[in-house]
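Some notes on the structure that comes next.
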Amino acid sequence: MDDTCYHCGLPILPGVKFSAHVLGQDRPLCCLGCQAVAEAIVQNGLEDYYNFRTERPNTAEALIPEELRQLTLYDHPEVQKSFVFSAASTAKNKSETNLKQASLILEGVTCAACIWLNERHLKQLPGVREVAFNYGSHRARISWDDSEIKLSHILAEIRKIGYHAHPFSAQQQDAMRQQARKVELRRLAVAGISAAQVMMLGVALYAGMDIATEQFMRWFSLVMTIPAMLYSAWPFYQAAWRGVVNRRIGMDVPIVLGLFTGFAGSLWATLQGHGTVYYDTLTMLVFFLLATRLLERNAREKSVESAENLLRLVPVMAVRIDSQQQQTLVPLVEINAGDLIVSKPGETIAADGVVENGESSADESLLSGESRPLPKTIGSRVYAGSINYESPLVIRVTGVGENTMLASISRLLDRAQAEKPKLAMFADQVAAYFTYGLLVLVAVIGLVWWQLDISRCLEIVLTVLVVSCPCALSLAAPAAFAAAGSHLVKRGVLLTRGHALEALSHVTHVVFDKTGTLTIGRPVLLNTLAFAEIDVNECLKIATSLEQVSEHPLARSFIEAAKGQVLYTVESSNNTPGKGLSGRIDGRNYFLGNADLNPGVMQQCNLYAKDARLNVASGATIVWLSNDIQVLAAFELADKARPQAVLLVKNLREQQIDVSILSGDSTTAVAYFAEELDIKNWQASQSPEQKLSALKALQQQGEVVAMVGDGINDAPVLAGAQVSIAMGSGTQMARATGDVILLSENLLEIEHAIRISRFSIQVIRQNFAWALAYNMLALPFAAMGLLSPWMAAIGMSISSLVVVLNALRLR
């Protein structure tokens, strides 16, 4: 037995029994450190290190290959700051406090099977919670528990199966795409030159000539075909090999079989000096396939460019104000929450924050679809990626990097594009079964023609393989979904779930919350009535103190009305969804909400509600302030309908879609707005549980319900609807639950989204019909020998092109 360490070469002390299985054998090791390093090298597929090393290092640390050492840099908190997001707040299991999420670029992806392989491999790793790959942008969104697995290990596992991943950067990805496009164009050019030369020689061969010249032409055609077969067609070989190795046969397998079959038969005919050669068909097939995939890639990238444009908005530098009030230009990665930054007129705002000083307006059109500049004053929220117009703004940073609104929109887009709708999964299943069936059918057709006419067997098999490639079938749904999503995000409608577009197309009933949805959601405090021996201003101060921690739209009205007052400290604050808030101030309990919040004073509320000074018939909302024993005050707040609400209801009805209101607001307030908007079906004073029950009752009647809401109390009913639409200005919980987020304030975009979704399904059905009709029509002709291989190559390429161009109508 070897008495030296296989890793470092140091002597192994007596009694030490460390080992690792390396290069097919158990190797002796001197210590636990060498064992850990060796196992890491083996697990990450880097065993060749031991074959190529020229000497043994002195320490175990030196044995880690440079590639592994570089990956460990990504575990450093300062490095992760720019691309890793702490996902503990969004975790399903609240005990997972170390949950992290990162956006990565994946290199080496050539088809959907590559995505499947990476997802399957990473989901098996302990500590990896979620893996979502976006085929359109080649981006991966990965969530992991940092206490169980490190990011460097995940990156190493990706490299182990032949791919490369690194942190996402919009600029870097754009550079990668440009490089990939250059390589694709180069392959296309080589295939085009080969095809042109071989086709010219083919015309001469078809015209007929003496045997010696014909043989020379064949050999010259062979030479001209080799570059296309070896260089231009290389991506097809890679994708097909991965499919075979991972037992997932994709559309590239029949293509490669066709290429190999045609080339082998042509080479044999050339060597024998007689028989048919198909060099022209092979080069033309490679050229058409590359051209079609280049067009499909461009269409796919166009479909995700809206999301990419968002991420390119953020500058890489920002002007920070230090403690001595000095302004310094620093990299954005050095900016932290709480820092003060300056945004000059015409500049893009670098981080989310609150305006500390200055007045200006900001263009947030690429974030919300709102074309008009929005005024920004002290206390206004500003967002990374928006453009400051008139005057300098001093901003207190609240979020930077992955913690900005822009990054959260990007994450939602990634999630939506990574989740496959049912139609897309159905298309993939059909294409997979079709591919397996095709391979069986090719074998049967080959055997039949072997018996009928052996001289035509190769030609028929080649034609069938080429003409029936299920490329168009696989592209039918994804191309349309991607184009529709791109169109909607430009209009401020963000699809956050893969099924959202498909579900929208089937909607028969739209249910609205009232406050903040059909109304502007910023009610104004019109009147305050005090019923106890307490000053009106004191009542307002107590109410505002209770509301200062709330995100409800009504809270803003109190805060604006009491602006400038020093508020009380509230203890034991409690939010009761659908009813209101309670808390302790100076040892006393106070309640602020509707009459149901404090049962002890409900009768007093009902009595005071008849007070003539309360104008409840106008749609005003009455909020009651009470303590343990009596009602202290009533606050009258009035909201108004959004400008587009009336037209939205009218347009939905024209599409045969019913409209209802489910609101937690008072009966008089809901009735007022229902009458104003001509909505006959409405329910008021609804708790979250009652809203959900009413929604389920509609679903039991066969309705496909879309729920539109914006508040915390809307979250359960949003989750219960077939498709949920959250207002972008709503609370975080509502946005997290929404399948669709309306980033703009324009309600008409809801109706437009439904219309686009129905058009999308129509386009997808057209694509399916075309792809299936083409295959069903072309396959019998090819099997009967009525098509030549070059016709099959053109037909297959045109079928894929038709599908892509038809989908692009949605953009």
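Please compute the length gained on full extension between E356 and S455, using 0.36 nm multiplied by the number of residues separating them and subtracting their Cα-Cα distance.
Details: separation 99, 0.36 × 99 = 35.64 nm, distance 8.38 nm.
Gain in length upon complete extension: 27.3 nm.
Just the number please: accessible area per residue for segment 443-591, 1.4 Å probe, all protein chains included, in Å².
Working: 6120 Å² over 149 residues.
The answer is 41 Å² per residue.
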| task | Can you tell me the order of 475-486, 574-585, 559-570 when each peptide is scored by its average per-residue count of other Cβ atoms within 10 angstrom, highest first? | result | 475-486, 574-585, 559-570
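Can you order the peptides 15-28, 739-752 by their average number of other Cβ atoms within 10 Å per residue, highest first?
Numbers: 15-28: 13.1, 739-752: 21.9.
Packing proxy ranking, top to bottom: 739-752, 15-28.
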| Counting pairs of alpha carbon atoms under 8 Å apart in space and at least six apart in sequence, what relative contact order in percent does segment 503-652 give? | 28
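How do the peptides 275-286, 335-346 rank, highest first, by the average count of neighbouring beta carbon atoms within 10 Å per residue? Walk me through the numbers before you get to the answer.
Values: 275-286: 26.1, 335-346: 16.2.
Top to bottom by mean Cβ count within 10 Å: 275-286, 335-346.
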| field | Neighbour cut-off at most 10 other Cβ (10 Å), DSSP loop, GluC sites (Glu not before Pro), segment 486-547 | value | E533
| For a label point 7 angstrom out from the Cα of D678 toward its Cβ, which stretches of segment 648-671 have the backbone nitrogen within less than 17 Å? | 648-661
| query | How big is D for segment 522-671, in µm² s⁻¹ as a whole number, if Stokes-Einstein is applied with the Kirkwood radius of its Cα pairs at 25 °C and 0.890 mPa s? | reply | 150
| If R0 is 45 Å, what FRET efficiency do you get for D628 and E654 from their C-beta distance, rounded to 0.05? | 0.30
| query | Rolling a 1.4 angstrom probe over the protein heavy atoms, how many square angstrom per residue are accessible across segment 636-731? | reply | 40
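At a 1.4 Å probe radius, carbon and sulfur cover how many percent of the accessible area of segment 662-811? Intermediate values should be presented prior to the final figure.
On the way: 3640 of 5920 Å².
The C+S portion of the solvent-accessible surface of segment 662-811 is 61 percent.
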| field | Average accessible area per residue (Å²) across segment 119-159 - probe 1.4 Å, nucleic acids and ligands excluded | value | 36
| field | Whole-Hz couplings from phi, Karplus 6.51/-1.76/1.60, listed for segment 259-267; x for Gly and Pro | value | 5, 5, 4, x, 5, 4, x, 5, 5
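The values are calculated or read from the model by the stated rules, or taken from the named source; none is laboratory data. For clarity, every value in this text was computed on a predicted model and none was experimentally measured. All Cβ positions, glycine included, derive from the backbone under ideal geometry; neighbour counts span all protein chains shown. For accessibility, only protein heavy atoms count, side chains too; no ligands or nucleic acids. Shrake-Rupley method; radii C 1.70, N 1.55, O 1.52, S 1.80 Å.
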